[in-house]
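One structure is given below, encoded as structure tokens.
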Amino acid sequence: QLQLVESGGGLVQPGGSLRLSCAASGSILGIYAMAWYRQAPGKARELVARTTSLGSTNYADSVTGRFTISRDVAKNMVYLQMNSLKPEDTAVYYCEAGSVRTPTGTYVELWGQGALVTVSS
């Protein structure tokens, strides 16, 4: 069964750091892009950061310079290092894998279950 599992969420004080991890499992031949999205209460889900197998990355303006996305292609894992956290970073963070190639030759998109990050004093 193909799935993404996130870990690393929690409560942190403003200015603190957290690292989110996401592991893809199942019969996967390759993943083109992996990304982190977030959804705050009452708001739409938004892209936080994205990285591709070609090495390109992009970030939301609100996290540029504070968050870093990285990926272990061999392990089908993606990470999000979050520094200088602000209360407005509070949200459920979702991992997404796009263009996941399966042994049947199909491509699918996967989403994780979400990890809650709360930034509060």
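The values are calculated or read from the model by the stated rules, or taken from the named source; none is laboratory data. If you're wondering where the values come from, they're calculated on a predicted model, not measured in any experiment. Neighbour counts are summed over all protein chains in view; Cβ atoms, including those assigned to glycine, are modelled from backbone coordinates with ideal geometry. Remember, those area values only see protein heavy atoms, side chains included, never the ligands or the DNA or RNA. Shrake-Rupley method; radii C 1.70, N 1.55, O 1.52, S 1.80 Å.
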Practice prompt. Could you tell me which of the residues Ser84, Ser99 is on the phi > 0 side of the Ramachandran plot and modelled with pLDDT under 95?
Written response: Ser99
Discussion item. Filter region 10-55 down to the residues that are open to solvent by 30 Å² or more (accessible area, probe 1.4 Å), among the small types (Gly, Ala, Ser) and part of a loop (DSSP other than H, G, I, E, B) and list them by number.
Written reply: Gly15, Ser17, Gly26, Ser27, Gly42, Ala44, Ser53, Gly55
Worksheet entry | region 77-116, subset over 19 Å from Thr51 (Cβ atoms), out of contact with any Leu (no Cβ under 6 Å at 6 or more places or on another chain) and assigned to a strand (DSSP E or B), residue most open to solvent (accessible area, probe 1.4 Å) | Leu116
